[in-house]
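Worksheet for the structure shown next.
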Amino acid sequence: MVEEKEILKKLGQLLGADRIKHSIGVKECAVKLASIYNEDVGKTAIAGLLHDCAKDFDDDQLIQKAKEYDIKLDPVSLSQKELIHAPVGAKIAKHIFKIKDKDILTAIEYHTYGKKNMTKLEKIIYLADLIELGRDYPGVEELRALAEKDLDRAVLKALDNSIIHVIAKGGLIHPNTIEARNYLINELNIKKE
C-alpha cells in the first residue's frame, strides 16, 4: 500500500489547506466506521484521503481531465460540473497516486452520488464525506449517531438529505442517487421480512 505521508505530500500539490483538512477528517471518520463495520482500515484510510483529490480543479480542468481519461459524462454531471470531480478523482488516484485497488477506486468514483448495490467501503466513504467532524449543518449530529449504529440506514438518510438539498437548490438529481436510494430501501425491506 502507498504510504500516507507520500499521499499527503502529493495532495498538497493538488489541493488547498482547507480541502486537505477535510480529506484528513474524512479519512479519520471513515477509519472509525471501518472499525465498527469490519472493513479494511488501510483501504478505507487511502480512499478517505484521496476521495477529493480532483475537487480543487475548476470546471474547465475537470472537463479536460474527463476527456484525457476517456470518462463518459452523463447529462446531470455536465450540468452540475462539481460532480465530475469524483470520477476524475478515481482516475487521478489510479494514475498519479498509483492506486491499483479497485475497491478504493470505486469508493472515490461514487462518493458524490452513490450507486445501487454499494459496497461497504463505498458506503463508508460516501457517508464519511458528509459527517466528518468539520461538517456542520442541521441534522449532522443525528446522522453521525446513526452511522455508528446502522450503516445502511445512515446511508439511506444521507441520500434522502442529499436529494432534499438538491431539490431545494433547484438542481438535477443524479440517477445514481435515486437508484442507490431505491436499492437500499428494497434491501432494508427484505431484511425486515
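The values are calculated or read from the model by the stated rules, or taken from the named source; none is laboratory data. Just so it is clear, the model here is predicted, and its values are computed rather than measured. Cβ placement follows ideal geometry from the backbone for every residue including glycine, while neighbour counts extend to all protein chains displayed. Just so you know, the surface numbers come from the protein's heavy atoms only, side chains and all, with ligands and any DNA or RNA stripped out. Shrake-Rupley method; radii C 1.70, N 1.55, O 1.52, S 1.80 Å.
Overview of results
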| item | result |
| --- | --- |
| Residue satisfying all of: in segment 70-81; under 16 Å from Tyr110 (Cβ atoms) and of a type outside the set (Gly, Ala, Ser); surrounded by the fewest Cβ atoms within 10 Å (Cβ to Cβ) among these | Lys72 |
| Residues that are part of a loop (DSSP other than H, G, I, E, B) and without any contact (Cβ under 8 Å) to a residue 24 or more places away in the chain, drawn from segment 136-148 | Asp136, Tyr137, Pro138, Gly139 |
| Among the residues listed as Ile185, Ile124, the single one being of a type in the set (Val, Ile, Thr), in a helix (DSSP H, G or I) and open to solvent by 40 Å² or more (accessible area, probe 1.4 Å) | Ile185 |
| Among residues of segment 21-65, those that are among the charged types (D, E, K, R) and out of contact with any helix residue (DSSP H, G or I) (no Cβ under 8 Å at 6 or more places or on another chain), counted | 4 |
| Sole exception among (1) open to solvent by 70 Å² or more (accessible area, probe 1.4 Å); (2) within 18 Å of Cys53 (Cα to Cα); (3) in contact with a Phe, Trp or Tyr (Cβ under 6 Å, 6 or more places away or on another chain) for Lys116, by number | (2) |
| Those residues of segment 1-18 which are touching a helix residue (DSSP H, G or I) at 6+ places or on another chain (Cβ under 8 Å), more than 10 Å from Ile46 (Cα to Cα) and not hydrophobic (A, V, I, L, M, F, W, C), in sequence order | Gly12 |
| Residues that are over 16 Å from the mean Cα position of the chain (by Cα) and open to solvent by 80 Å² or more (accessible area, probe 1.4 Å), drawn from segment 156-178 | Ile164, His165, Ile167, Ala168, Lys169, Leu172 |
| Tally, over segment 38-51, of residues that are crowded, with 17+ Cβ neighbours inside 10 Å and either modelled with pLDDT under 95 or touching a Leu at 6+ places or on another chain (Cβ under 9 Å) (or both) | 6 |
| Hey, Glu148 out of contact with any Lys or Arg (no Cβ under 9 Å at 6 or more places or on another chain), open to solvent by less than 90 Å² (accessible area, probe 1.4 Å) and over 18 Å from Leu83 (Cα atoms) or not | no |
| Some residue of segment 87-94 being open to solvent by 20 Å² or more (accessible area, probe 1.4 Å), closer than 14 Å to Ala30 by Cβ and at pLDDT 95 or above | no |
